[in-house]
Amino acid sequence: MIEALAVALLVVVLVFAVVRPRGLPEAVAAVPAAVIVVLVGAVSPSVALAEVGRLGGVVGFLAAVLVLAKLCADEGLFQAAGAAMARVARGDGRRLLGAVFAVASVVTVVLSLDATVVLLTPVVFATAARVGVPAKPHAYACAHLANSASLLLPVSNLTNLLAFTATGLTFLHFTGLMAAPWAVAVAVEYAVFRWFFRHDLRRPSEPVDAPAPDVPVFVLVVLGATLAGFALASAVGVEPVWVAVAGAVVLAVRSLRRGHTTARGLAHAAAVPFLAFVLALGVVVKAVVDNGLATALADVLPDGDGWVALLGAAAVAAVLANLINNLPAVLVLLPLATSTPTVLAVLLGVNLGPNLTYVGSLATLLWRRVLHHHDDRADLGEFTRLGLLTTPAALVLAATALWLVVQAT
(Lines give C-alpha, C1' and ligand atoms only; values in the text may rest on other atoms or scores of the structure.)
Protein backbone atom coordinates (compact mmCIF):
# COMPACT_ATOMS: atom_id res chain seq x y z
CA MET A 1 0.00 0.00 0.00
CA ILE A 2 2.75 2.45 0.94
CA GLU A 3 4.73 1.64 -2.20
CA ALA A 4 1.66 2.12 -4.39
CA LEU A 5 0.84 5.42 -2.68
CA ALA A 6 4.39 6.72 -3.14
CA VAL A 7 4.34 5.85 -6.84
CA ALA A 8 0.89 7.41 -7.27
CA LEU A 9 2.03 10.63 -5.60
CA LEU A 10 5.10 10.80 -7.84
CA VAL A 11 2.89 10.41 -10.91
CA VAL A 12 0.55 13.15 -9.65
CA VAL A 13 3.48 15.50 -9.04
CA LEU A 14 4.95 14.91 -12.50
CA VAL A 15 1.60 15.25 -14.29
CA PHE A 16 0.94 18.48 -12.40
CA ALA A 17 4.39 19.77 -13.42
CA VAL A 18 3.62 19.00 -17.07
CA VAL A 19 0.10 20.46 -17.13
CA ARG A 20 0.47 23.24 -14.54
CA PRO A 21 -3.28 23.94 -14.27
CA ARG A 22 -4.05 27.66 -14.14
CA GLY A 23 -0.32 28.31 -14.25
CA LEU A 24 0.15 27.20 -10.65
CA PRO A 25 3.75 26.49 -9.54
CA GLU A 26 4.93 22.88 -9.54
CA ALA A 27 5.45 23.13 -5.78
CA VAL A 28 1.67 23.29 -5.22
CA ALA A 29 1.52 19.53 -5.83
CA ALA A 30 5.05 18.52 -4.83
CA VAL A 31 5.17 19.98 -1.30
CA PRO A 32 1.91 18.35 -0.10
CA ALA A 33 3.02 15.07 -1.69
CA ALA A 34 6.29 15.21 0.24
CA VAL A 35 4.40 15.85 3.47
CA ILE A 36 2.08 12.90 2.79
CA VAL A 37 4.90 10.39 2.17
CA VAL A 38 6.39 11.41 5.52
CA LEU A 39 3.06 11.21 7.37
CA VAL A 40 2.23 7.72 6.05
CA GLY A 41 5.69 6.41 6.87
CA ALA A 42 6.91 5.91 3.30
CA VAL A 43 9.99 7.81 4.41
CA SER A 44 10.94 8.82 7.94
CA PRO A 45 11.23 12.50 8.94
CA SER A 46 14.97 12.08 9.54
CA VAL A 47 15.52 10.54 6.10
CA ALA A 48 13.40 13.26 4.48
CA LEU A 49 15.41 15.98 6.21
CA ALA A 50 18.64 14.28 5.21
CA GLU A 51 17.48 14.23 1.57
CA VAL A 52 16.59 17.93 1.74
CA GLY A 53 20.01 18.62 3.24
CA ARG A 54 21.73 16.60 0.50
CA LEU A 55 19.93 18.62 -2.17
CA GLY A 56 20.32 21.94 -0.37
CA GLY A 57 23.64 22.89 -1.92
CA VAL A 58 22.48 21.89 -5.39
CA VAL A 59 19.28 23.92 -5.06
CA GLY A 60 21.21 26.91 -3.72
CA PHE A 61 23.51 26.71 -6.71
CA LEU A 62 20.51 26.58 -9.05
CA ALA A 63 19.06 29.73 -7.46
CA ALA A 64 22.37 31.58 -7.83
CA VAL A 65 22.74 30.57 -11.48
CA LEU A 66 19.16 31.59 -12.29
CA VAL A 67 19.84 35.02 -10.80
CA LEU A 68 23.18 35.24 -12.61
CA ALA A 69 21.53 34.41 -15.95
CA LYS A 70 18.79 37.00 -15.40
CA LEU A 71 21.38 39.65 -14.56
CA CYS A 72 23.25 38.81 -17.77
CA ALA A 73 20.00 39.34 -19.67
CA ASP A 74 19.34 42.65 -17.89
CA GLU A 75 22.83 43.84 -18.84
CA GLY A 76 22.21 43.09 -22.52
CA LEU A 77 24.22 39.91 -23.03
CA PHE A 78 21.49 38.05 -24.90
CA GLN A 79 20.59 41.05 -27.05
CA ALA A 80 24.25 41.27 -28.01
CA ALA A 81 24.22 37.56 -28.85
CA GLY A 82 21.15 38.08 -31.06
CA ALA A 83 22.83 40.95 -32.91
CA ALA A 84 25.96 38.83 -33.41
CA MET A 85 23.92 35.91 -34.78
CA ALA A 86 22.06 38.17 -37.21
CA ARG A 87 25.35 39.67 -38.38
CA VAL A 88 26.81 36.19 -38.98
CA ALA A 89 23.69 34.94 -40.78
CA ARG A 90 23.44 37.69 -43.41
CA GLY A 91 20.02 36.42 -44.48
CA ASP A 92 21.08 32.75 -44.72
CA GLY A 93 19.12 30.28 -42.59
CA ARG A 94 21.93 27.74 -42.65
CA ARG A 95 24.45 30.26 -41.36
CA LEU A 96 21.98 31.33 -38.69
CA LEU A 97 21.53 27.72 -37.58
CA GLY A 98 25.28 27.38 -37.14
CA ALA A 99 25.36 30.61 -35.12
CA VAL A 100 22.43 29.47 -32.95
CA PHE A 101 24.14 26.14 -32.29
CA ALA A 102 27.33 27.92 -31.23
CA VAL A 103 25.62 30.48 -29.00
CA ALA A 104 23.14 28.02 -27.49
CA SER A 105 25.93 25.55 -26.70
CA VAL A 106 27.99 28.21 -24.93
CA VAL A 107 25.00 29.63 -23.03
CA THR A 108 23.97 26.13 -21.90
CA VAL A 109 27.49 25.26 -20.79
CA VAL A 110 28.14 28.48 -18.88
CA LEU A 111 24.70 29.59 -17.62
CA SER A 112 22.90 26.22 -17.59
CA LEU A 113 20.09 24.90 -19.75
CA ASP A 114 17.37 27.08 -18.21
CA ALA A 115 19.07 30.21 -19.56
CA THR A 116 19.02 28.74 -23.08
CA VAL A 117 15.35 27.86 -22.86
CA VAL A 118 13.95 30.90 -21.07
CA LEU A 119 16.30 33.72 -22.10
CA LEU A 120 17.89 32.72 -25.41
CA THR A 121 14.84 31.24 -27.17
CA PRO A 122 12.96 34.58 -27.33
CA VAL A 123 16.10 36.23 -28.69
CA VAL A 124 16.33 33.51 -31.36
CA PHE A 125 12.73 34.19 -32.40
CA ALA A 126 13.49 37.90 -32.74
CA THR A 127 16.73 37.22 -34.63
CA ALA A 128 15.06 34.87 -37.12
CA ALA A 129 12.41 37.53 -37.79
CA ARG A 130 15.11 40.16 -38.29
CA VAL A 131 17.04 37.91 -40.68
CA GLY A 132 13.84 36.96 -42.52
CA VAL A 133 14.02 33.17 -42.15
CA PRO A 134 11.67 30.61 -40.55
CA ALA A 135 12.16 30.50 -36.78
CA LYS A 136 11.27 26.84 -36.29
CA PRO A 137 14.67 25.17 -36.90
CA HIS A 138 16.41 27.65 -34.63
CA ALA A 139 13.79 27.46 -31.87
CA TYR A 140 13.97 23.65 -31.94
CA ALA A 141 17.75 23.93 -31.68
CA CYS A 142 17.38 25.81 -28.38
CA ALA A 143 15.24 22.98 -26.96
CA HIS A 144 17.61 20.21 -28.06
CA LEU A 145 20.83 21.97 -27.08
CA ALA A 146 19.46 22.87 -23.67
CA ASN A 147 19.62 19.13 -23.02
CA SER A 148 22.43 17.85 -25.27
CA ALA A 149 24.90 20.70 -24.77
CA SER A 150 24.57 20.53 -20.98
CA LEU A 151 26.93 17.56 -20.71
CA LEU A 152 30.20 19.45 -20.51
CA LEU A 153 30.56 21.16 -17.12
CA PRO A 154 29.34 20.10 -13.68
CA VAL A 155 27.46 23.43 -13.51
CA SER A 156 25.67 23.17 -16.84
CA ASN A 157 22.70 21.18 -15.54
CA LEU A 158 21.16 20.28 -12.21
CA THR A 159 21.59 16.61 -13.14
CA ASN A 160 25.31 17.23 -13.74
CA LEU A 161 25.74 18.78 -10.33
CA LEU A 162 24.07 15.79 -8.67
CA ALA A 163 26.28 13.39 -10.64
CA PHE A 164 29.38 15.51 -9.98
CA THR A 165 28.74 15.31 -6.25
CA ALA A 166 28.33 11.53 -6.48
CA THR A 167 31.57 10.94 -8.40
CA GLY A 168 33.96 12.92 -6.22
CA LEU A 169 35.77 14.12 -9.36
CA THR A 170 37.35 17.54 -9.60
CA PHE A 171 35.78 20.17 -11.86
CA LEU A 172 38.48 19.82 -14.51
CA HIS A 173 38.55 16.01 -14.38
CA PHE A 174 34.78 15.83 -14.88
CA THR A 175 35.02 18.26 -17.80
CA GLY A 176 37.87 16.30 -19.37
CA LEU A 177 35.90 13.05 -19.26
CA MET A 178 32.74 14.63 -20.69
CA ALA A 179 34.34 16.82 -23.39
CA ALA A 180 34.36 14.14 -26.11
CA PRO A 181 30.78 12.90 -25.45
CA TRP A 182 29.62 16.53 -25.40
CA ALA A 183 31.29 17.35 -28.72
CA VAL A 184 29.93 14.18 -30.35
CA ALA A 185 26.38 14.84 -29.14
CA VAL A 186 26.34 18.43 -30.40
CA ALA A 187 27.83 17.36 -33.76
CA VAL A 188 25.15 14.68 -34.22
CA GLU A 189 22.42 17.20 -33.41
CA TYR A 190 23.80 19.70 -35.93
CA ALA A 191 24.12 17.14 -38.73
CA VAL A 192 20.55 15.89 -38.23
CA PHE A 193 19.15 19.42 -37.97
CA ARG A 194 20.79 20.44 -41.24
CA TRP A 195 19.12 17.50 -42.99
CA PHE A 196 15.77 17.51 -41.16
CA PHE A 197 15.13 21.23 -41.72
CA ARG A 198 16.83 21.43 -45.13
CA HIS A 199 13.78 22.93 -46.84
CA ASP A 200 13.21 25.61 -44.19
CA LEU A 201 16.90 26.50 -44.18
CA ARG A 202 17.04 26.93 -47.96
CA ARG A 203 14.19 29.41 -48.23
CA PRO A 204 15.57 32.52 -49.93
CA SER A 205 15.91 35.69 -47.88
CA GLU A 206 17.31 39.10 -48.64
CA PRO A 207 20.49 39.88 -46.69
CA VAL A 208 19.90 42.39 -43.91
CA ASP A 209 22.29 44.89 -42.43
CA ALA A 210 22.63 43.99 -38.77
CA PRO A 211 24.28 46.50 -36.44
CA ALA A 212 27.43 45.52 -34.62
CA PRO A 213 26.60 44.00 -31.22
CA ASP A 214 27.11 46.14 -28.15
CA VAL A 215 29.12 43.63 -26.13
CA PRO A 216 28.75 43.90 -22.32
CA VAL A 217 32.42 43.43 -21.52
CA PHE A 218 32.01 43.62 -17.75
CA VAL A 219 29.47 40.78 -17.81
CA LEU A 220 31.79 38.60 -19.87
CA VAL A 221 34.66 39.28 -17.49
CA VAL A 222 32.52 38.29 -14.48
CA LEU A 223 31.34 35.13 -16.23
CA GLY A 224 34.92 34.21 -17.11
CA ALA A 225 36.04 34.80 -13.54
CA THR A 226 33.11 32.73 -12.26
CA LEU A 227 34.03 29.80 -14.49
CA ALA A 228 37.64 30.00 -13.36
CA GLY A 229 36.35 30.16 -9.81
CA PHE A 230 34.42 26.92 -10.26
CA ALA A 231 37.60 25.09 -11.26
CA LEU A 232 39.66 26.64 -8.46
CA ALA A 233 36.98 26.04 -5.82
CA SER A 234 36.72 22.38 -6.78
CA ALA A 235 40.46 21.97 -6.36
CA VAL A 236 40.39 23.37 -2.81
CA GLY A 237 37.15 21.70 -1.72
CA VAL A 238 34.82 24.72 -1.83
CA GLU A 239 31.23 24.10 -2.96
CA PRO A 240 30.38 25.65 -6.38
CA VAL A 241 27.33 27.36 -4.90
CA TRP A 242 29.58 29.95 -3.22
CA VAL A 243 31.31 30.80 -6.49
CA ALA A 244 27.95 31.19 -8.24
CA VAL A 245 26.70 33.40 -5.40
CA ALA A 246 29.83 35.56 -5.65
CA GLY A 247 29.37 36.05 -9.40
CA ALA A 248 25.70 36.89 -8.94
CA VAL A 249 26.45 39.38 -6.15
CA VAL A 250 29.04 41.23 -8.24
CA LEU A 251 26.63 41.62 -11.14
CA ALA A 252 23.68 42.39 -8.87
CA VAL A 253 25.44 45.26 -7.11
CA ARG A 254 26.40 46.84 -10.41
CA SER A 255 23.00 46.25 -12.01
CA LEU A 256 21.10 47.66 -9.01
CA ARG A 257 23.30 50.77 -8.91
CA ARG A 258 22.73 51.38 -12.62
CA GLY A 259 18.99 50.77 -12.36
CA HIS A 260 19.03 47.80 -14.74
CA THR A 261 17.27 45.55 -12.26
CA THR A 262 15.37 45.67 -8.97
CA ALA A 263 15.41 43.71 -5.74
CA ARG A 264 11.99 42.29 -6.66
CA GLY A 265 13.33 41.22 -10.05
CA LEU A 266 16.23 39.40 -8.41
CA ALA A 267 13.90 37.63 -5.98
CA HIS A 268 11.65 36.56 -8.84
CA ALA A 269 14.64 35.31 -10.83
CA ALA A 270 15.60 32.99 -7.96
CA ALA A 271 12.40 31.01 -8.67
CA VAL A 272 11.76 30.04 -5.04
CA PRO A 273 8.62 27.98 -5.84
CA PHE A 274 10.61 25.93 -8.32
CA LEU A 275 13.36 25.38 -5.76
CA ALA A 276 10.75 24.13 -3.30
CA PHE A 277 9.49 21.80 -6.02
CA VAL A 278 12.96 20.31 -6.49
CA LEU A 279 13.40 19.69 -2.76
CA ALA A 280 9.92 18.19 -2.37
CA LEU A 281 10.39 16.05 -5.48
CA GLY A 282 13.59 14.68 -3.95
CA VAL A 283 11.66 13.53 -0.88
CA VAL A 284 8.91 11.88 -2.96
CA VAL A 285 11.46 10.12 -5.17
CA LYS A 286 13.31 8.94 -2.04
CA ALA A 287 10.07 7.37 -0.82
CA VAL A 288 9.58 5.56 -4.13
CA VAL A 289 13.18 4.36 -4.21
CA ASP A 290 13.17 3.07 -0.65
CA ASN A 291 9.91 1.19 -1.18
CA GLY A 292 10.86 -1.07 -4.05
CA LEU A 293 12.04 0.88 -7.09
CA ALA A 294 15.71 0.64 -6.13
CA THR A 295 15.49 -3.15 -5.95
CA ALA A 296 13.77 -3.37 -9.32
CA LEU A 297 16.22 -1.07 -11.09
CA ALA A 298 19.28 -2.67 -9.50
CA ASP A 299 18.58 -5.75 -11.61
CA VAL A 300 18.20 -3.67 -14.77
CA LEU A 301 21.07 -1.17 -14.55
CA PRO A 302 24.19 -2.78 -16.11
CA ASP A 303 27.33 -3.07 -14.03
CA GLY A 304 30.88 -2.60 -15.30
CA ASP A 305 32.90 -0.16 -17.40
CA GLY A 306 32.78 -1.96 -20.76
CA TRP A 307 31.21 -0.44 -23.87
CA VAL A 308 28.06 -2.56 -23.66
CA ALA A 309 27.64 -1.80 -19.95
CA LEU A 310 28.04 1.97 -20.40
CA LEU A 311 25.71 2.02 -23.38
CA GLY A 312 23.19 -0.06 -21.43
CA ALA A 313 23.34 2.29 -18.43
CA ALA A 314 22.83 5.29 -20.71
CA ALA A 315 19.87 3.59 -22.40
CA VAL A 316 18.21 2.68 -19.09
CA ALA A 317 18.63 6.26 -17.89
CA ALA A 318 17.22 7.66 -21.14
CA VAL A 319 14.13 5.43 -20.95
CA LEU A 320 13.56 6.27 -17.30
CA ALA A 321 13.96 10.02 -18.00
CA ASN A 322 11.18 9.84 -20.58
CA LEU A 323 8.96 7.89 -18.19
CA ILE A 324 9.36 9.96 -15.02
CA ASN A 325 11.38 13.04 -16.15
CA ASN A 326 15.15 13.36 -16.02
CA LEU A 327 15.50 14.92 -12.56
CA PRO A 328 13.67 12.10 -10.74
CA ALA A 329 15.50 9.61 -12.97
CA VAL A 330 18.94 10.80 -11.91
CA LEU A 331 17.88 10.88 -8.25
CA VAL A 332 16.77 7.24 -8.59
CA LEU A 333 19.75 5.91 -10.53
CA LEU A 334 22.75 7.62 -8.91
CA PRO A 335 22.64 5.54 -5.70
CA LEU A 336 22.59 2.38 -7.85
CA ALA A 337 25.60 3.29 -10.03
CA THR A 338 28.64 1.36 -8.81
CA SER A 339 31.43 3.27 -10.56
CA THR A 340 32.29 6.72 -11.87
CA PRO A 341 31.99 5.66 -15.55
CA THR A 342 28.52 4.26 -14.82
CA VAL A 343 27.49 7.53 -13.17
CA LEU A 344 28.67 9.44 -16.25
CA ALA A 345 26.83 7.01 -18.54
CA VAL A 346 23.66 7.59 -16.53
CA LEU A 347 24.26 11.31 -17.03
CA LEU A 348 24.41 10.79 -20.80
CA GLY A 349 21.03 9.09 -20.65
CA VAL A 350 19.26 11.68 -18.52
CA ASN A 351 20.67 14.61 -20.54
CA LEU A 352 20.37 13.26 -24.09
CA GLY A 353 17.31 11.06 -23.62
CA PRO A 354 14.84 13.90 -22.90
CA ASN A 355 15.09 15.14 -26.49
CA LEU A 356 12.87 12.21 -27.41
CA THR A 357 9.67 13.46 -25.74
CA TYR A 358 8.14 16.62 -24.30
CA VAL A 359 8.10 15.22 -20.77
CA GLY A 360 11.73 14.06 -20.67
CA SER A 361 13.02 17.19 -18.96
CA LEU A 362 11.66 20.26 -17.22
CA ALA A 363 13.67 22.39 -19.65
CA THR A 364 11.62 21.09 -22.58
CA LEU A 365 8.41 21.86 -20.72
CA LEU A 366 9.66 25.40 -20.09
CA TRP A 367 10.56 25.69 -23.78
CA ARG A 368 7.00 24.82 -24.79
CA ARG A 369 5.71 27.64 -22.62
CA VAL A 370 8.10 30.07 -24.31
CA LEU A 371 6.75 28.96 -27.69
CA HIS A 372 3.17 29.54 -26.53
CA HIS A 373 4.11 33.07 -25.47
CA HIS A 374 5.25 33.66 -29.06
CA ASP A 375 1.98 32.27 -30.46
CA ASP A 376 3.87 29.27 -31.79
CA ARG A 377 3.30 25.61 -31.03
CA ALA A 378 5.65 22.71 -31.53
CA ASP A 379 4.07 19.87 -33.46
CA LEU A 380 4.17 16.69 -31.37
CA GLY A 381 4.73 14.45 -34.39
CA GLU A 382 7.52 16.60 -35.77
CA PHE A 383 9.18 16.94 -32.36
CA THR A 384 9.07 13.16 -31.91
CA ARG A 385 10.42 12.41 -35.39
CA LEU A 386 13.30 14.80 -34.82
CA GLY A 387 13.96 13.17 -31.45
CA LEU A 388 13.98 9.69 -32.98
CA LEU A 389 16.59 10.82 -35.49
CA THR A 390 18.86 12.59 -33.01
CA THR A 391 18.56 10.87 -29.64
CA PRO A 392 19.50 7.22 -30.36
CA ALA A 393 22.41 8.25 -32.59
CA ALA A 394 23.70 10.82 -30.11
CA LEU A 395 23.33 8.37 -27.23
CA VAL A 396 25.24 5.55 -28.95
CA LEU A 397 28.05 7.75 -30.22
CA ALA A 398 28.39 9.74 -26.98
CA ALA A 399 28.50 6.51 -24.94
CA THR A 400 31.15 5.19 -27.31
CA ALA A 401 33.16 8.39 -26.87
CA LEU A 402 32.87 8.08 -23.10
CA TRP A 403 34.05 4.48 -23.21
CA LEU A 404 37.07 5.44 -25.33
CA VAL A 405 37.97 8.25 -22.92
CA VAL A 406 37.64 5.92 -19.94
CA GLN A 407 39.88 3.35 -21.67
CA ALA A 408 42.49 6.02 -22.37
CA THR A 409 42.66 7.26 -18.77
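Annotations for the structure displayed:
- Dipole of the range 167-275, positive end: most advanced residue of Phe196, Trp182, Ser255 [Cβ charges, Cα centre]: Ser255
- Across the range 22-113, the fraction of Cα-Cα pairs farther apart than 14 Å, rounded to a whole number, is 77%.
- Gain in span if fully extended, Arg20 to Gln407, counting 0.36 nm per residue against the direct Cα distance: 134.8 nm
- Within the chain, the longest run free of trypsin sites (Lys or Arg not before Pro) that sit in a DSSP loop with at most 16 other Cβ atoms within 10 Å is 259-376.
- Rg(Cα)/(2.2 N^0.38 Å) for the range 293-409, N = residue count: 1.12
- Magnitude of the charge dipole, the chain, Cβ model with Lys/Arg +1 and Asp/Glu -1, debye to 20: 980 debye
- Label positions at Val253 and Val35, each projected 7 Å from the Cα along the C-beta direction, are separated by 4.0 nm.
- Rounded FRET efficiency, nearest 0.05, which uses the C-beta distance separating Asp214 from Thr295 and R0 of 45 Å: 0.20
- For the chain: accessible area per residue (Å², 1.4 Å): 41 Å²
- Net lengthening on full extension, Ala225/His374 (0.36 nm per residue, minus Cα-Cα): 50.2 nm
- Globularity index of the range 219-308 is 1.65 (Cα radius of gyration / 2.2 N^0.38 Å, N = number of residues).
- Counting protein heavy atoms only, the chain has 68 percent of its accessible area on carbon and sulfur, 1.4 angstrom probe.
- In the chain, helical runs assigned H by DSSP with n ≥ 4 each contribute -39500 (n - 2.57); averaged across all residues and rounded to the nearest 500, the mean residue ellipticity at 222 nm is -24500 deg cm²/dmol.
- Across the chain, C-alpha contacts under 8 Å between residues 6 or more apart give a mean separation that, scaled by the residue count, equals a relative contact order of 24 percent.
- Only helices reaching 27 angstrom along their own axis (Cα) with mean Kyte-Doolittle hydropathy no lower than 1.0 count here, and for the DSSP H runs of the chain these are 45-74, 171-196, 217-236, 380-408.
- Put a dot 7 Å past the Cα of Val272, heading toward its Cβ, do the same for His199, and the two dots end up 5.0 nm apart.
- The Rg/Rh ratio of the range 66-124, with both radii computed over alpha carbons and Rh defined as the Kirkwood radius, is 0.97.
- Residues Arg264 and Glu382, FRET efficiency given R0 of 35 Å [Cβ-Cβ distance, rounded to 0.05]: 0.35
- Residues Arg54 and Asp303, FRET efficiency given R0 of 30 Å [Cβ-Cβ distance, rounded to 0.05]: 0.80
- P(r), alpha carbons of the range 140-180 - 10 Å bins starting at zero, rounded %: 32, 51, 16, 2
The values are calculated or read from the model by the stated rules, or taken from the named source; none is laboratory data. Quick caveat, the model's predicted, so the values are computed rather than measured. Note that each Cβ is placed from the backbone with ideal geometry, even for glycine, and that neighbours are counted across all protein chains shown. In case anyone asks, the SASA skips ligands and DNA or RNA and just uses the protein heavy atoms, side chains included. Shrake-Rupley method; radii C 1.70, N 1.55, O 1.52, S 1.80 Å.
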